[in-house]
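Throughout, read-outs are computed from the coordinates displayed, never taken from laboratory work. Treat the numbers as computed from the prediction; the structure is a model and nothing was measured. Glycine also receives a Cβ, built like all others from the backbone with ideal geometry; neighbour counts cover every protein chain displayed.
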Amino acid sequence: MRPDEDYQAFVDARYARLVRSAVLFGCSEQDAEDAVQEALIQCYGAWGRVSTADDRDAYVYRVLVNGITRSRRRRWRGEIPYRDLPEPPATEDPAAGVSLSQSIRASLARLGREQRQVLVLRYFADLTEAQIATVLGIAPGTVKSRASRAIAVLSEDRSLDDLITRTHEENR
């Protein structure tokens, strides 16, 4: 497979999950899309290294996490907001999943950045502890302790009780 085809297949398979991960890291939907696009542009430029890496997913998530961290350090991003968008928004049912999404985002927002990153990479991006350690540049033991502490915080979050009950009822 040619490098461009390999890159395109990678992006097609992972773009949506990368955007959702960035949203769960705390970005708005638009900022998440921008962060993923910037990460993928960087990866395209280095596709030779990315494609030969031991774990492409960990490599790309590392670029994404680093980009989000860098962008939060900057004050102004050089973008000018406009009242009227140049294209109409995508048509989809706005009420679908809003409550679930809001509950999860609110609960994740209560966590520290490091704990949120570990949970999103582990349970949403489905990376292993070793991959997460590589992405975040920390020891695997630190991944375990951050995940454990984050889960302890979430288990005390009463706002998730209704969500858990509803999920159990839907799965019956």
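State which residue is nearest to Ala109 (Cα to Cα) when the search covers only the stretch 6-22 and only residues that are among the hydrophobic types (A, V, I, L, M, F, W, C) and within 8 Å of the chain's Cα centre (by Cα).
Of all residues in the stretch 6-22, those among the hydrophobic types (A, V, I, L, M, F, W, C) come to 9-11, 13, 16, 18-19, 22.
Checking which are within 8 Å of the chain's Cα centre (by Cα) leaves us with 18-19, 22.
Working: Leu18: 18, Val19: 17, Ala22: 13 Å.
My answer is Ala22.
Among what's in the stretch 36-50 and is assigned to a helix (DSSP H, G or I) and among the hydrophobic types (A, V, I, L, M, F, W, C), pick the residue that is surrounded by the most Cβ atoms within 10 Å (Cβ to Cβ).
So the first thing to find is which residues in the stretch 36-50 are assigned to a helix (DSSP H, G or I), and the list is 36-45, 47-50.
Next, from what is left, pick out any that are among the hydrophobic types (A, V, I, L, M, F, W, C): 36, 39-41, 43, 47, 50.
On the way: Val36: 27, Ala39: 21, Leu40: 20, Ile41: 11, Cys43: 22, Trp47: 16, Val50: 20.
Applying the filter and picking the extreme gives Val36.
Taking interchain pairs and intrachain pairs at least six residues apart, which have beta carbon atoms under 9 angstrom, with the first residue in the stretch 3-18 and within 21 Å of Tyr123 (Cα to Cα) and the second surrounded by fewer than 16 Cβ atoms within 10 Å (Cβ to Cβ) and acidic (Asp, Glu)?
Pairs found: Arg17/Asp126.
Where residues in the stretch 133-165 are touching a residue at least 24 places away in the same chain (Cβ under 8 Å) and β-branched (Val, Ile, Thr), which of them is farthest from Arg14 (Cα to Cα)?
Filtering the stretch 133-165 for residues that are touching a residue at least 24 places away in the same chain (Cβ under 8 Å) and β-branched (Val, Ile, Thr), the one farthest from Arg14 (Cα to Cα) comes out as Val153.
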